[in-house]
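This report concerns only the one structure given below.
The values are calculated or read from the model by the stated rules, or taken from the named source; none is laboratory data. A quick note: this is a predicted structure, and the numbers were derived from the prediction, not measured. Cβ placement follows ideal geometry from the backbone for every residue including glycine, while neighbour counts extend to all protein chains displayed. When the accessible area is computed, the model is the full protein with side chains, heavy atoms only, and any ligands, DNA or RNA have been set aside. Shrake-Rupley method; radii C 1.70, N 1.55, O 1.52, S 1.80 Å.
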Amino acid sequence: MRAIVIDEFGGREKLRLADVPEPVLLPDGVRIEIRAAGVNPVDWKTREGRQVPRFPHLFPVILGWDAAGVVAEVGPAVSRVQPGDEVWAYCRKHFIGQGTYCEQVVVPQEFVALKPRSLDWQQAAAVPLAALTAWQCLTERLHLAAGETVLVHAASGGVGHFAVQMAVGLGAQAIGTAGAANEEFVRGLGAEFLNYRTDDLPGRVDAALDPLGGDMLERTKRIAGRVVSIVEPGPGHLYHYVRPDGTELEGITRMVDEARLRPHVQQAFPLEEAAVAHALLENGHVRGKLVLTL
């Protein structure tokens, strides 16, 4: 099958199109024929070797953790889905090597959910990792309650634009930081807008979600009662690394089909142009998500 792989860590020039064996179907595995794959900041960081402390890597490494596609085959222990189902999944395994920048992926059935009927393949591929991250941070780490105020940094980005919509759906007031060019977009999600370059942080909020780290995280800890970061462990705040969860994805499917959550795809690229997508991500300021199409 066709795949984008790396043979060693490094820059975008390490990405290459290759013909690789199809993944082995596990007894509890679901083989997904991928129609579109999400591109996330973690992908280029993985390409550079930043995940080495967390995961073993099996080269040649196929990058990517988001997939939307059709079930081609299931193992004998699978009861959750069947061949022909249109599904989506956050496909992170306990090693890095068999990702989603390719034509097929095999994942445990517990990772998989039926995709929303209201989304096309590109939109669906943009959701699982980022939306699960936002949901787990808001509900499991921050325990966000109706009536509370939550500060969401990078509110126009992948995780941020889902977090704002989910916070509003939970009955909270969302304040989103972003650049001036994204003011209308962030307000359209339901958040109060703050320009991260020119506006001061609010005096006090109940909770905050941080995808930035560094100085902004330290400033945020001084004004938020509870803070969760998805990029930087450390004292004085929570840290969360998103986990695959098909049951939670089923809930996100319902949110989407009930028009309570909507992904924004800035741009889609053919599989062969993965390096172009990485360049955009590394430069920052992507609105919503980027995806690869197959």
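Brief remarks follow.
- The angle between the Cα long axis of helix 158-169 and the main principal axis of the chain comes to about 60°, on a 0 to 90 degree scale.
- For the chain, the longest principal axis of the alpha carbon atoms and the long axis of helix 246-257 meet at an angle near 70°.
- Once backbone amide H atoms are built at 1.01 Å from N, residue 225 has 205, 206, 207 as its partners under 5 Å, excluding neighbours fewer than 5 places away on the same chain.
- Backbone HN-Hα couplings from phi across the stretch 59-64 [Karplus 6.51/-1.76/1.60, Hz, Gly and Pro as x]: 7, x, 8, 8, 7, x
- Heavy-atom surface analysis with a 1.4 Å probe gives the stretch 120-252 a carbon and sulfur content of 49 percent of its accessible area.
- Annotation: amide H-H contacts under 5 Å for residue 148 (H modelled 1.01 Å from N, sequence separation of 5 or more, or interchain): 173.
- The angle between the Cα long axis of helix 274-283 and the longest principal axis of the Cα atoms of the chain comes to about 10 degrees, rounded to the nearest 10.
- Accessible area (Å², per residue) of the chain, counting only protein heavy atoms and a probe of 1.4 Å: 41 Å²
- Packing here is the average count of other Cβ atoms within 10 Å per residue, and on that basis the peptides 159-172, 266-279, 37-50, highest first, run 159-172, 37-50, 266-279.
- Kirkwood Rh and Cα Rg combined as Rg/Rh, the stretch 1-140: 0.96
- Cα gyration tensor category, rounded, prolate or oblate, for the stretch 137-244 with a/c compared to 1.5: rounded
- Rounded percent of accessible protein surface that carbon and sulfur make up, the stretch 1-107, 1.4 Å probe: 51 percent
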